[in-house]
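These notes concern the structure reproduced below.
The values are calculated or read from the model by the stated rules, or taken from the named source; none is laboratory data. Owing to the predicted nature of the structure, the values given are computational and were not obtained by experimental measurement. When we count neighbours, we look across all protein chains shown, and the Cβ atoms used for this are built from the backbone with ideal geometry, even at glycine.
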Amino acid sequence: MQKTIKKIIIFAVLIGLVAGGYYYFQKRTTVPLEQRYRTQAITQGDVAQSVSANGTLNPVTLISVGAQVSGRVSKLYVDFNDHVEKGQILLELDDALFAAQIAQSQGAVQNVQASVDLAQANEARMQTLFAQEYVSKQELDQATQALKSARAQLATARGQLQRDKTNQSYSVIRSPVSGVVVDRVVDVGQTVAASFQTPTLIKIAQDLSKMQIDTSFAEADIGNIKVGQAVKFNVDAFPNRSFNGVVKQLRLNPTVTSNVVTYNVVVSVDNPEQILLPGMTAYVNIMVNKHDNVLLVPNAALRFKPKLDDTQSNGSASAGKTSTDKNIDANQSNNGQMRGRKKASQDDISRGKIYIIADGKLTPIEVKTGISDGRTTEISSPTLKVNTQVIVGENQTDETAASTPTSNMRFRMF
């Protein structure tokens, strides 16, 4: 019995020694909060909120030159990038069929003209005979009707001749405007068929010094875009250069793709150097809001969420609350921020939470958040000032180094 009691006492002493050593080791290896977390100071300055999208550069006026008649391309006078003037001949179609039709129509006109001359002579003769009472009134009326019918046939023949001449003139394709040829889809010898619709032969950009960007913005952003707003954009051809533009038009016709609604926004662009070419991809940014001289925190500070054990050690922030209550509060805070982003209040302000280190503990601070430029966010709080250090993340290397001996200690214990 005494041996059993001695074993129990020895075992209890050993457990106490191990527990005490483990507690001492934990105290020695615990890293201060200042070293475990990365912090960054609150700054004061200007912040601008913008929305962005991709678009395509296009000429303001792009003319598609087509053909009203069918035929084979016999001559081609222009090529890509050629400057053309209004009325300049671009190409010609083979007009052999049109010439034959004109000759046929001219023969028809001459034939009908002869009929008119005969009917006119008959009508004059009948007038004379009727005056001498050698013919009846009915015979005179018939001669007059024959003259009118011949004249109508002559007008029809002349109209047919004029139509054939017009078709022949359509075989010569002229430029409707002055500009630059940006596309040519036919070659000499190619047959153009204009039976059902007008085929496009050549595309002419009227003025490349004035261009526009056709871009699409999501319906969540379209409410902040107004005509006349300043636009900045970049293109891949000049990655180190920024270009300016102005919102010209918000088109009311929506586009729905995979249940995503977008609206076409047209941006007017000056291109005096003509270095911006049609078809280039433009990365558009439109500034929709700007606040000056406000408190700014990094967005990482608003996204930071401490671990559960850190929040439990924070007496000032979580006294009297269980871990379940804290999780509920955190979820409610997250849900509140999501609702605030989806539905902005009247003054464009929503709620948020950031953490600071105070008296060796993590302390959450409720703030009002405003607009953001993607890196920093405007905040408003009576307890925060410029240069206050806020937590933006954890030092993973320090935490790993501190936790490694502890894990090894636990492994040796068991």
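Is it the case that Gln162 is within 27 Å of Phe98 (Cβ to Cβ) and without any contact (Cβ under 8 Å) to a residue 12 or more places away in the chain?
Yes.
From the list Gln212, Gln138, Gln145, Gln162, which residue is touching a Ser or Thr at 6+ places or on another chain (Cβ under 9 Å), loosely packed, with under 15 Cβ neighbours inside 10 Å and modelled with pLDDT of 90 or more?
Residue meeting the stated conditions: Gln162.
Exactly one of these conditions fails for Ile356: (1) over 22 Å from Glu34 (Cβ atoms); (2) modelled with pLDDT of 50 or more. Give me its number.
Here Ile356 clears every test but (1).
Of the residues that sit in segment 270-302 and are touching a Leu at 6+ places or on another chain (Cβ under 7 Å) and part of a strand (DSSP E or B), which one is nearest to Gly245 (Cα to Cα)?
Per the criteria, the residue is Ala282.
Please pick out the residue among Val185, Val265 that is closer than 19 Å to Gly279 by Cα and at pLDDT 95 or above.
Exactly one residue qualifies, and that residue is Val265.
Does segment 121-135 hold any residues that are outside any helix (DSSP H, G or I) and either in contact with an Asp or Glu (Cβ under 7 Å, 6 or more places away or on another chain) or surrounded by fewer than 17 Cβ atoms within 10 Å (Cβ to Cβ) (or both), and which are they?
Gln132, Glu133, Tyr134, listed by residue number.
Please find, within segment 148-159, the residue that is farthest from Asn122 (Cα to Cα) out of those that are in contact (Cβ under 8 Å) with a residue 40 or more places away in the chain and crowded, with 17+ Cβ neighbours inside 10 Å.
Ala157
Does segment 236-244 contain any residue that is surrounded by 16 or more Cβ atoms within 10 Å (Cβ to Cβ) and either on the phi < 0 side of the Ramachandran plot or in contact with a Leu (Cβ under 8 Å, 6 or more places away or on another chain) (or both)?
Looking for residues that are surrounded by 16 or more Cβ atoms within 10 Å (Cβ to Cβ) and either on the phi < 0 side of the Ramachandran plot or in contact with a Leu (Cβ under 8 Å, 6 or more places away or on another chain) (or both), one finds at least one in segment 236-244, hence yes.
If you go through segment 212-219 one residue at a time, do you hit one that is under 26 Å from the mean Cα position of the chain (by Cα), more than 29 Å from Asp82 (Cα to Cα) and of a type in the set (Phe, Trp, Tyr)?
The answer is yes, given that some residue of segment 212-219 is under 26 Å from the mean Cα position of the chain (by Cα), more than 29 Å from Asp82 (Cα to Cα) and of a type in the set (Phe, Trp, Tyr).
Hey, among the residues in segment 186-243 that are in the same structural domain as Ser171 (by TED's automatic domain parsing) and without any contact (Cβ under 8 Å) to a residue 40 or more places away in the chain, which one's farthest from Val51 (Cα to Cα)?
Out of the qualifying residues, it is Phe196.
When only residues in segment 105-135 that are over 17 Å from Lys148 (Cα atoms) and either outside the structural domain of Gln162 (by TED's automatic domain parsing) or touching a residue at least 40 places away in the same chain (Cβ under 8 Å) (or both) count, which is nearest to the chain's Cα centre (by Cα)?
Ser105
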